[in-house]
Amino acid sequence: MDRFDRIFRLHNLFANRRTPISMKALKQELQCSRATVARALEEMEDYLGAPVEYDKKRNGYFYNRRNGEHPYELPGLWFSADELHGLLICQHLLIRIGPGMLQEQIRHLQSRIEQLLALHPEAAKPKLANIKFLTLGGRRLSDSRHFLNAAAALFGGKRLRIEYRARSSNERTCRDVSPQNILCYRDNWYLDAWCHLREELRIFAVDKIESAEILPDDAVTLPESELHDYFASAYGIFSGAARHIAVLIFSTERARWISDECWHPEQQANWLDDGRFELRIPFNDHRELLMDILKYGADVELRGPDFLVAAVVEQVEKMRVMYWKG
């Protein structure tokens, strides 16, 4: 019987009995020495916060069930050391994605995970400082409570009243929304929600939410298939069912990188006879796709659709005018 088996056995003994259990009975139940039982009890108290107490009069150990408290449950012992390491790394990445966001909650959870890791003699704490996570263009949240309230409304199935300032128009509106998803995309957080003001699905940048109040009304929950059709079929952060196909031809040099990338879950790709790489991408709103095309410069040729080609030509012409001094 290993240390986790002993802790589980002790927990079940205490949880199912109201009277104290003697050390002799615990030794017989666990088939181990007094020192081993004492060590297991100490670990339960120090690392797991178990309410183990000793009754001198009745010479036994028990769970102290204080008035109004819920029965004690063991926290998270089903995680292996590798899984706990993974959780610590995920927390580290979350801190890097959103500096200042949920710091206090993350620190508390990290402390609890490290306490659980201490129960694994083979588990060394990962060197999180050696895990680098570079962000580009990430926007800071003005108030992390807006993110917390959005998440709480999502998980609790409640509506959310937000004051939102649209980045495109700088217009400020107050609206009730039913959260559907929270999305981290290109180092920034977004809320997918049914907007009761516009009566349609919308995407809200969390950093532009100026206030967020959880309402008592139940949220409208849309079928997963409908959410997928609206959000996942489009290109990038923009929503709406894909209505167009962009045809991109990448140079032989750039193709070595592009051929290993996924720009869209329903993209179609193939190598051309001359070593170039063709990528066909479904999209609805072309603004983000336009930016991604332009960043590859002369390493990509856009074959269609015509309106997107025209948009690329327009941007190239504006750059030519800006930089041409002849």
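The values are calculated or read from the model by the stated rules, or taken from the named source; none is laboratory data. Every value quoted in this text rests on a predicted model; they were computed, and no experiment measured them. No Cβ is skipped: glycine too gets one built from the backbone with ideal geometry, and neighbour counts run over all protein chains shown.
Results, tabulated for the structure shown:
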| quantity | calculated |
| --- | --- |
| Single residue of region 47-58 satisfying the filter (farther than 10 Å from Phe14 by Cβ and in contact with a helix residue (DSSP H, G or I) (Cβ under 8 Å, 6 or more places away or on another chain)) that is modelled with the lowest pLDDT | Tyr47 |
| Of residues in region 254-285 being surrounded by fewer than 16 Cβ atoms within 10 Å (Cβ to Cβ) and either touching a helix residue (DSSP H, G or I) at 6+ places or on another chain (Cβ under 7 Å) or not assigned by TED's automatic domain parsing to the domain that holds Arg303 (or both), the one modelled with the highest pLDDT | Gly275 |
| Condition broken by Ala50, with the remaining ones in (1) in a helix (DSSP H, G or I); (2) under 16 Å from Leu74 (Cβ atoms) satisfied | (1) |
| Boolean, Arg202 is at pLDDT 95 or above, touching a strand residue (DSSP E or B) at 6+ places or on another chain (Cβ under 8 Å) and either within 24 Å of Arg175 (Cβ to Cβ) or outside the structural domain of Ala150 (by TED's automatic domain parsing) (or both) | no |
| Considering residues of region 215-226 that are touching a residue at least 40 places away in the same chain (Cβ under 8 Å), out of contact with any Phe, Trp or Tyr (no Cβ under 7 Å at 6 or more places or on another chain) and of a type outside the set (Gly, Ala, Ser) only, the residue surrounded by the fewest Cβ atoms within 10 Å (Cβ to Cβ) | Pro216 |
| Where Ala212 falls short, out of the listed (1) surrounded by fewer than 16 Cβ atoms within 10 Å (Cβ to Cβ); (2) within 21 Å of the chain's Cα centre (by Cα); (3) touching a residue at least 60 places away in the same chain (Cβ under 8 Å); (4) closer than 14 Å to Leu154 by Cβ | (1) |
| Where Cys195 falls short, out of the listed (1) in contact (Cβ under 8 Å) with a residue 40 or more places away in the chain; (2) in contact with a strand residue (DSSP E or B) (Cβ under 7 Å, 6 or more places away or on another chain); (3) surrounded by fewer than 19 Cβ atoms within 10 Å (Cβ to Cβ) | (1) |
| Failed criterion for Asp229 (all others in (1) without any contact (Cβ under 8 Å) to a residue 12 or more places away in the chain; (2) under 27 Å from Cys184 (Cα atoms); (3) surrounded by 11 or more Cβ atoms within 10 Å (Cβ to Cβ) hold) | (1) |
| Residue within region 8-27 that is in a strand (DSSP E or B) and modelled with pLDDT of 90 or more present | yes |
| Residue tally, condition surrounded by 12 or more Cβ atoms within 10 Å (Cβ to Cβ), charged (D, E, K, R) and farther than 19 Å from Glu288 by Cβ, over region 159-188 | 6 |
| Qualifying residue in region 270-277 (condition: of a type outside the set (A, V, I, L, M, F, W, C), without any contact (Cβ under 8 Å) to a residue 40 or more places away in the chain and in contact with an Asp or Glu (Cβ under 8 Å, 6 or more places away or on another chain)) | yes |
| Region 11-34 - residue that is within 43 Å of the chain's Cα centre (by Cα) and exposed (fewer than 12 other Cβ atoms within 10 Å of the Cβ) and, of those, farthest from Asn64 (Cα to Cα) | Asn16 |
